[in-house]
Amino acid sequence: MLALLVTAASLALAPASAAAAQKAPAQDAPPREYASGDPIPKLRFERVLPELPLVRPVQAFQRPGDTTNLYIVEQPGRILIADPAKRDTKEAAVFLDIRERVNDGGNEEGLLSIAFHPDFPRKRELYAYYTASKPRRSLLSRFTVSEDGLTADPASEEVLLTIEQPYSNHNGGTVVFGPDGFAYLSIGDGGAANDPHHYAQNLGSLLGKVIRIDVSRKGDKGEPYAVPADNPFVGREGALPEIWASGTRNIWRMAFDPKTGDLWAGDVGQNIYEEVSLIKRGGNYGWNAREGFHAFRGGKGEGPFEEPIVEYHHREGLSITGGQVYRGKAIPALDGVYIYADFVSSNVWGIRMIDGTPTKPAIIAQKRGELIASIDAMHDGTLVVSAFTGGQDRGNPGTLWKLVEAPK
Ligand SMILES: [Ca+2]
C-alpha cells in the first residue's frame, strides 16, 4: 500500500522458478507463458460492520481459538475487536492501544502488521510491527495477551528487533508465522526512491529483505530471538543470518498458503511494474537491478535473480497489495486461487498455479473508490478486505468488506 502518494516515482516488486534463477537476464525477460485452468469465479464486495468507525484499517483477521471476532488493526496504533456478524455494532472493544508510541506521521508509517503466536493460547503472545520516531525506526515487538484473549498489555512490550529507517516510506511490511513455527517479516528497502543506498542487494542490511526468526527461543548470546540453523546465510561472512530472501523493494502483504505452505508476496514497484512473487529460501528477487520481469535502469546487482510469478503494468494499478490463497469451503471453485489487489485502482485479481505455471491474471472484483490496504483470511477462509474509502486523507472512513461470490 501506500506507496502511492509519493507520485508514481516511488512504488516497488518480487519471485519465480528455479529455471528462471539460473541466470540474470540483462534485458527484459520474455513474457511468461500462462497455464490454462478452470475459470475463476467473480467476487463482489459485501460490507462488514458498516456502522463501526475505523481509522485507516490495515489488517482484519481472527485470533487463534476465537471464531467469532475480527481483530482490526488501525494504522495509527490501535487494535479493535468486533463481531462481524453484528451489523449494527457502533463501537468496538479496544484490544491494544499503542498510539502514543507509534509514529504514523508518514503515509507508510504506523502500526502495519500483527500476528498471534501459532501456539496461542498456550503462548498468549501478540507480535506487532510498527514504526516509531526519534530515531526513525521500525520495531518488531511482543506483547502479552490476557487469559480471556480480549486485551493485550501495552506495558508488556518486549522489543525483539529494531531497524533504523533512513526515510519515511517503504517500511514494508508484514509479520506472519510459517508452518514451521518461525516468524517471517518483510522489511521494505528503507525508502526514498531507487533504493539509493542499494540496501536490498546488501546482505549486511535487513532493509529490502524477508527475514525468518525463531521468537520462541532466545539467541545464543541472550538475544531476544534465535536464528534458525537452516537459514540460508547462516555462517556467511558479511551476511545477516536472519535473512531468508533478498532483493525485495517493499513487500506489502505476504501470506502462506495454508495447504501447500508456499509464501506469496506482493512487492510494490517503482516506475512501471508491480509484482507477485513466491518467496523461497535464499531467493534474490532482483531489486534494484530488476523491476518485475524487467531490468531497472540505474540499479545494480549480480543475481542470479528470482523472477516474479506475474506482474502488472502501472496502467492497471500503482501499488500492489498482496493477498491470500483462498482455502475456504464457501466458494469451492475458488479453492487454491491466489487473490491480490491494487491499492489505488481497486482491481482484485486471481491466479492459479498449474504445475508451477500461473494462469493469466483475471480481474475477479473491483470496487472503485476503496483503497485496498489488505486482504486477510478468517479461520473458515473467508477473505476480509481492509480499505480506506474515498482516498488516503486521514479524515476519510476506514471500511471492512468480505469478498463473496458474485451472482452469476
Ligand atoms: Ca523482483
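The values are calculated or read from the model by the stated rules, or taken from the named source; none is laboratory data. This is a predicted model, so every value here is computed, not measured. All Cβ positions, glycine included, derive from the backbone under ideal geometry; neighbour counts span all protein chains shown.
Only residues that are under 16 Å from residue 258 (Cα atoms), in contact with a strand residue (DSSP E or B) (Cβ under 6 Å, 6 or more places away or on another chain) and not in a loop (DSSP other than H, G, I, E, B): list them for segment 313-339, please.
Listed by number, the residues that qualify are 322, 323, 324, 325, 338, 339.
Against the conditions (1) out of contact with any Ser or Thr (no Cβ under 8 Å at 6 or more places or on another chain); (2) modelled with pLDDT under 70; (3) aliphatic (A, V, I, L, M); (4) away from the ligand (no atom under 16 Å from the Cβ), where does residue 55 fall short? Just the number, please.
Status for residue 55: all satisfied but (2).
Among the candidates 274, 242, single out the residue that is at pLDDT 95 or above, under 18 Å from residue 340 (Cα atoms), charged (D, E, K, R) and out of contact with any helix residue (DSSP H, G or I) (no Cβ under 7 Å at 6 or more places or on another chain).
Details: 242 fails: under 18 Å from residue 340 (Cα atoms).
Within the list 274, 242, the selection yields 274.
For residues that are part of a strand (DSSP E or B), near the ligand (Cβ under 10 Å from one of its atoms) and at pLDDT below 95, tally how many sit in segment 292-312. Break it down into steps so the answer makes sense when it comes.
Of the residues in segment 292-312, the ones part of a strand (DSSP E or B) are 294-295, 310-312.
Still in the running and near the ligand (Cβ under 10 Å from one of its atoms): 294, 311.
Okay, now just the ones that are also at pLDDT below 95, so 294.
Residues meeting the conditions: 1.
Look at residue 109 and say whether it is under 23 Å from the mean Cα position of the chain (by Cα) and at pLDDT below 95.
Numbers: under 23 Å from the mean Cα position of the chain (by Cα): yes; at pLDDT below 95: yes.
Yes.
Go through segment 192-206 and give me each residue that's at pLDDT 95 or above and either of a type in the set (S, T, N, Q) or in contact with a His (Cβ under 8 Å, 6 or more places away or on another chain) (or both).
Result: 201, 202, 205.
Show the residue pairs that are 6+ apart or on different chains and have beta-carbon atoms under 8 Å apart, the first residue being within segment 175-193 and more than 19 Å from residue 163 (Cβ to Cβ), the second being of a type in the set (D, E, K, R) and surrounded by fewer than 24 Cβ atoms within 10 Å (Cβ to Cβ).
181/119; 181/214
In segment 368-382, what count of residues is obtained for those that are modelled with pLDDT of 95 or more and either farther than 15 Å from residue 254 by Cβ or aromatic (Phe, Trp, Tyr) (or both)?
Pass one, segment 368-382, residues modelled with pLDDT of 95 or more: 370-382.
Then keep just the ones that are either farther than 15 Å from residue 254 by Cβ or aromatic (Phe, Trp, Tyr) (or both); that gives 370-372, 378-382.
Selection size over segment 368-382: 8.
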